[in-house]
Amino acid sequence: MPKMISFETPKSILETVTMIETVATEMMRPAARYYDEHEHETPWDYINFMHQALQATGGLTMAPGPSTKDGTPRQDYQRLAHYVEALSWGDAGLYLCTPRGGLGAAAVSATGTPEQKARFLERFNGEKPVFSSMAITEPQAGSDTAAIKTTAVREGDQWVLNGEKIFVTGGRKSLEDTPGFVVVWATINPAAGREGIRSFVVEAGTPGCTVTKVEKKLGIRASDTTAILLNDCRVPLGNMLGDLEAKPRSGEGYKGVLRTFEATRPLVAASALGIARAALEFLKEALAEQGVEIRYGLPRSRMTNLEREVTDMEIGLRSAWLLTLRAVWMADNKLPINAEASMSKIKAGDVVVQITQRAVELLGPVGYSRRHLLEKWFRDAKINDLYEGTGQINRLIVARRILGYGRKELD
Amino acid sequence: MLVEAVRRYATTDLRPAAHEADERGEFSPGLIAKGWELGLLQGSVPESFGGFGDRSAVSGALAAEELAWGDLAGALAILTPNAFALPVLVGGNEAQKQEWLPPVIGSGWRPFSAALLEPHFDFTPSELRTVATSENGGFALTGKKTQVPFAAQADQLLVFADLNGSPQAFVVPRTAEGLHIGDRQQLLGLHALPLFEITLDHVRVPVEARLARLDFPLILASFQVAIAAAAIGVSRAGFEYALQYAKQREAFGGPIAQKQAIAFMLAEMATEIDGARLMVWEAAWQLDRGLPASKSAYLALLGAADTAMMVTDRAVQILGGHGYIREHPVERWMRDARGIQTFLGLAMV
């Protein structure tokens, strides 16, 4: 039986979204072009403002919190999805520079012990903004995460990490700009394949961990994407996420790290859909300025081409957004979201790429011009079909789930 | 739960009978009467009018999906009286509800039907070409309607017609003078469902025949949600069948489901179905809450119809040549799916 979700957005979420929309309109949109054209400049104005704003609003954080004490369902992931959508509507690159969490914090949240959560997450509530990142991809291992070669070798009361990581979103902010951390995937037993993979918290300033490159990208240029070298980098035993003493069942460690993705994929979908909504609104406004109204309620045979394009975009956007809300609603209700998280990302990745590409096409020279942000959104959009699992990897995940297959049956 | 009962009926009655009904062009005796006993309409009408519940578009959408999963033609047959009675319930005054609701729900399934669609390619529900004119304290109706279920046997028809630029609904007895019922229509799909073109040639009805408080956009949205929910049911049928087939059919040394070319198609079908269903549910939820639902119901139907066509086409594709043979149901679902947008007005939730 498909799960009926709540279609009502909680009032407290709506109120904060209104606040975020002001930030998006007043602060992010005006800064978007500048940071697109000054690629490796850290957007401190946005970062500092957001840090203070998020701190001032108390509980507002970019990382989901623990369960509620009175047993009522959480709303943390739903809240996050709405925030991320609204911020990405403002600017997806700047959104990725939002302090008080990030992917590293999400990983600690999803897989850390209570002690680890206390130790690593406290820093996000401090006076100054702090960042965290995930370091998974290696030059020879992207979607095939089981092929990573970075090693973690236990020596006494330390883990010694060696290897090279690339495509670390926000790596420079986490390791150089602020006292944050990166969560590094490494193998404790290269012969064991994915069973040997664990995740390790490497804090800023740890000797042997250096940022070696900041990439130049198609889009989301406000956000730094870095390469990191781990050269005899030593971290305490307790930096391995999860319970060191507990004997993991077969594959448990790898499953643990994959849980992080389940939690973050709907948020990537939400980010994609913020961009998609921005592009669709821009398209409709540009058409309205020329006196082109979109009529609803007509059969396809009576629609103009523009009406057909726009209604199809609206259907895609709404369906992807509802798939996203379903995934976060289920996560808040502690339901497994393996397939649902991937479905939201498949659909959102497709929709944002389609909407931005079509909008640029339909607006001709206006769409193609850098006078407007639409061409930037076209560039920003594509990352959502790539990071946190490409569209193909997510199709593989959904296919395995609906077919009841494991890796052995469907590779 | 009601939906569970509907699912049981769809599984044990509708689905097994669907192939033969489609081939023979008629439902087996008792099939629709048994579906009527599920009480989908009776449970939507208050006790004061002979029913035992309140209308809920969400529950209706869930039921319509299950029924259509079993068989779309059968689902529409069971829901035909809904398309007559629910507009009366929502848009009639007290006297009209007292007069017309008890006969529909009082004595087993009876062919009360609605006539919305008109026979031209660019049919638009808000711009009806069938016209009502005021005449001698009543109305005269003139125009053509198409795909009217059970019109030849119907006790009463709810005919939608334009009155001074706005769509209105009129209760018309089948035997009214000037009402001509054409031959049974032969369509691409829905072979088991008897559908007729009707012609209204200055058909006179009294002033009380017009539903007094009709909110046409609301009725239209409810029609759209019902058909969209049915489209999800057809999609799910095709998806599930193709998935099971792909796991059993072997080629190149293993089940074809183990090939990404097939597995990815299935993943996309599942994703599209879930997304389209959520849009249907959202529109239904808005209807139940009294929120504006016109745009969302319209988009939900467009999306669900596209999904049904995409999914059923792929279901045929996954079965390959076997999908083209009528021994498998996927070709029927593909034919049914293409008509989704033209089934508007054949059911309401």
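The values are calculated or read from the model by the stated rules, or taken from the named source; none is laboratory data. As the structure is a computational prediction, the values presented were derived from the model and not from experiment. Please note: Cβ atoms are built from the backbone with ideal geometry, for glycine as well, and neighbour counts cover all protein chains shown.
Can you say whether B:Leu291 is within 14 Å of another protein chain (Cβ to nearest Cβ), modelled with pLDDT under 95 and out of contact with any Ser or Thr (no Cβ under 8 Å at 6 or more places or on another chain), as far as the supplied structure shows?
The answer is no for B:Leu291.
So is A:Gly297 assigned by TED's automatic domain parsing to the domain that holds A:Arg358 and not in a helix (DSSP H, G or I) or not?
Judged against the criteria, A:Gly297 is a match.
Condition first: within 13 Å of another protein chain (Cβ to nearest Cβ) and in contact with a helix residue (DSSP H, G or I) (Cβ under 9 Å, 6 or more places away or on another chain). Now tell me which residues in segment B:118-147 satisfy that.
B:Phe121, B:Asp122, B:Phe123, B:Thr124, B:Pro125, B:Ser126
Quick check on segment A:338-346. Is at least one of its residues modelled with pLDDT under 95 and either under 18 Å from A:Phe261 (Cβ atoms) or buried (at least 20 other Cβ atoms within 10 Å of the Cβ) (or both)?
yes
Kindly indicate whether any position in segment B:87-105 is surrounded by 15 or more Cβ atoms within 10 Å (Cβ to Cβ), touching a Gly at 6+ places or on another chain (Cβ under 7 Å), among the polar types (S, T, N, Q) and farther than 26 Å from B:Ala304 by Cα.
No, segment B:87-105 contains no residue that is surrounded by 15 or more Cβ atoms within 10 Å (Cβ to Cβ), touching a Gly at 6+ places or on another chain (Cβ under 7 Å), among the polar types (S, T, N, Q) and farther than 26 Å from B:Ala304 by Cα.
Would you mention how many residues in segment A:309-326 are of a type outside the set (Gly, Ala, Ser) and either within 7 Å of another protein chain (Cβ to nearest Cβ) or on the phi > 0 side of the Ramachandran plot (or both)?
7
Go through segment A:386-411 residue by residue and tally those that are within 14 Å of chain B (Cβ to nearest Cβ) and under 21 Å from A:Ser271 (Cα atoms).
Result for segment A:386-411: 9.
Can you tell me which residues in segment A:304-326 are within 26 Å of A:Gly364 (Cβ to Cβ) and either of a type in the set (D, E, K, R) or surrounded by fewer than 19 Cβ atoms within 10 Å (Cβ to Cβ) (or both)?
Across segment A:304-326, the qualifying residues are A:Thr304, A:Asn305, A:Leu306, A:Glu307, A:Arg308, A:Glu309, A:Asp312, A:Glu314.
Looking at segment B:320-349, which of its residues are part of a helix (DSSP H, G or I) and of a type in the set (Gly, Ala, Ser)?
Across segment B:320-349, the qualifying residues are B:Gly320, B:Gly321, B:Gly323, B:Ala337.
Of all helices (runs of 4 or more DSSP H) completely enclosed by segment A:73-122, which ones contain at least 1 residues that are in contact with a Ser or Thr (Cβ under 9 Å, 6 or more places away or on another chain) and surrounded by fewer than 23 Cβ atoms within 10 Å (Cβ to Cβ)?
Hits in segment A:73-122: A:76-90, A:103-111, A:114-121.
Would segment A:208-226 turn up any residue that is outside any loop (DSSP other than H, G, I, E, B) and modelled with pLDDT under 95?
no
Yes/no matrix, rows are residues, columns are (1) aliphatic (A, V, I, L, M); (2) closer than 21 Å to B:Ile198 by Cα; (3) touching a residue at least 40 places away in the same chain (Cβ under 8 Å):
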residue	(1), (2), (3)
B:Gln96	no, no, yes
B:Gly108	no, no, yes
B:Ala114	yes, yes, yes
B:Phe121	no, yes, no
B:Glu127	no, yes, no
B:Gln153	no, yes, yes
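Is it true that some residue in segment B:274-286 is more than 7 Å from every other protein chain (Cβ to nearest Cβ) and more than 30 Å from A:Asn394 (Cα to Cα)?
So far as segment B:274-286 goes, yes, one or more of its residues are more than 7 Å from every other protein chain (Cβ to nearest Cβ) and more than 30 Å from A:Asn394 (Cα to Cα).
Got a sec? Which strands (runs of 3 or more DSSP E) wholly within segment B:105-187 have at least 1 residues that are at pLDDT 95 or above, over 22 Å from B:Val45 (Cβ atoms) and of a type in the set (Lys, Arg)?
Because the criterion is at least 1 residues that are at pLDDT 95 or above, over 22 Å from B:Val45 (Cβ atoms) and of a type in the set (Lys, Arg), the strands (runs of 3 or more DSSP E) in segment B:105-187 that meet it are B:138-149, B:179-184.
So for segment B:292-301 (the condition being more than 16 Å from B:Ala231 (Cα to Cα) and assigned to a helix (DSSP H, G or I)), does at least one residue qualify?
Yes - at least one qualifying residue is present in segment B:292-301.
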